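Following: one structure in structure tokens, then a few remarks.
The values are calculated or read from the model by the stated rules, or taken from the named source; none is laboratory data. Only a predicted model underlies this, so the values are computations on that prediction, with no experimental measurement involved. Glycine gets a Cβ as well: all are built from the backbone with ideal geometry, and neighbour counts include every protein chain shown. When the accessible area is computed, the model is the full protein with side chains, heavy atoms only, and any ligands, DNA or RNA have been set aside. Shrake-Rupley method; radii C 1.70, N 1.55, O 1.52, S 1.80 Å.
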Amino acid sequence: EKFVTGGRHIEVQVIGDRFGRAVHLFERDCSVQRNHQKLIEESPSPALSEDERAELGERAAQAAEAIGYVGAGTIEFLAAPDTGRLSFMEMNTRLQVEHPVTEMITGVDLVREQLRVADGQPLGYGQEDLSIRGHSIEVRINAEDPFNGFLPSTGVLHNLRAPGGPWVRLDTAMYRGLEVGLEDDPMLGKLIVWGADREEAIARMIRAIREMNVGGVHTSLPAALQVLMHE
């Protein structure tokens, strides 16, 4: 495998049915990570041109069809910083944490589509029926302390205030009184926003993070906020 230093992590969402047909739902850029774990995900990727986006998506859909893939999946690539060349990394044969950003820009409910094709139903639409509308960003809310090397944070949630307003989505099972222990997965939730363009999506996410309050444990939100405010 080619060793890529300082590359971008770009992945393509695909879905295939039992009739040999697959489509792609464009790409997600998951380059902002810490400790090899994704922190911020967005779609579409700011690193791809329209031609590159079309070619990458087409190749991903062709790959899914070639293996007769059924269901939702993600084909992941690393993009070299100097040439932009994309190297295949792996395929995740499932929905991923960051699937909501794809839902936000396409209007497609990926959970519903996955259940439909598992039930033996055809996709019922083609690639020409899918398009990108606006820009979406997701931030993972992890129980960890960004001011102390992202070490796990434990405790009881004594306060919880969710952001509001249009085009803001919070996927979570958090509630006041929830006990967060070391044996738990650190992810407490996912904060997702949509904007007409990337600048608007960034502004909305900054505002949403500032509105959100999780009391009782440290979270990764301050780190995401610092990244989003960086030029």
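For Gln37 paired with Ser49, estimate the spin-label separation in nm (one decimal), with each label point 7 Å from Cα along the Cα-to-Cβ line.
According to this spin-label approximation, the distance is 3.8 nm.
At 7 Å along the Cα-to-beta-carbon direction for both Thr5 and Glu183, put a label point, then send me their distance in nm to one decimal.
Placing both labels 7 Å beyond Cα along the Cβ direction yields 4.4 nm.
Each residue of the stretch 7-12 in order: what ³J(HN,Hα) in whole Hz does its phi give by Karplus 6.51 cos²θ - 1.76 cosθ + 1.60, θ = phi - 60°, with x for Gly and Pro?
Karplus values, whole Hz, x for Gly and Pro: x, 9, 9, 10, 10, 10.
Would you mind computing, in nm to one decimal, how far apart the modelled labels at Arg176 and Arg133 are, each placed 7 Å from Cα along Cα→Cβ?
About 3.6 nm separates the two model spin labels.
To the nearest 10 square angstrom, how much accessible area does Ile105 have with a 1.4 angstrom probe?
0 Å²
Rule-of-thumb check for the stretch 81-183: C-alpha Rg over 2.2 N^0.38 Å?
Working: Rg = 18.6 Å, N = 103, 2.2 N^0.38 = 12.8 Å.
Its radius of gyration relative to the 2.2 N^0.38 Å reference: 1.45.
According to the Kirkwood expression over distinct Cα-Cα pairs, how big is the hydrodynamic radius of the stretch 7-64, in Å?
On the way: mean 1/r = 0.0821 Å⁻¹.
Averaging 1/r across every pair of different Cα atoms and inverting gives 12.2 Å.
If you line up the Cα atoms of the chain on their principal axes, what length do they span on each, largest first, in Å?
Dimensions of the chain along the principal axes of its Cα atoms: 50, 43, 35 Å.
Under 18 Å from a point placed 7 Å out from the Cα of Ala196 along the Cα-to-Cβ direction: which residues of the stretch 87-111 have their backbone N that close?
105-106, by backbone N distance to the label point.
For the stretch 124-198, run through the chymotrypsin sites (Phe, Trp or Tyr not before Pro) and keep only the ones in DSSP coil with at most 15 other Cβ atoms within 10 Å of their Cβ. Before the final figure, lay out the partial values.
Values: sites: Tyr125, Phe147, Phe150, Trp167, Tyr175, Trp194; in loops: Tyr125, Phe150, Trp167, Tyr175.
Qualifying residues, ordered by number: Tyr125, Tyr175.
For the stretch 130-231, what is the Kirkwood estimate of the hydrodynamic radius, computed as the reciprocal of the mean inverse distance between distinct Cα atoms, to one decimal in Å?
Numbers: mean 1/r = 0.0706 Å⁻¹.
One over the average 1/r among Cα pairs gives 14.2 Å for the stretch 130-231.
In what sequence, largest accessible area first, do Arg18, Arg140 appear using a 1.4 Å probe?
Values: Arg18 145, Arg140 25 Å².
In descending accessible area the options line up as Arg18, Arg140.
Can you tell me the length gained on complete extension of the stretch Gln121 to Glu58, counting 0.36 nm per residue apart and subtracting the Cα distance? Display every interim value, and only then the final one.
On the way: separation 63, 0.36 × 63 = 22.68 nm, distance 2.24 nm.
So the chain would gain 20.4 nm between Gln121 and Glu58.
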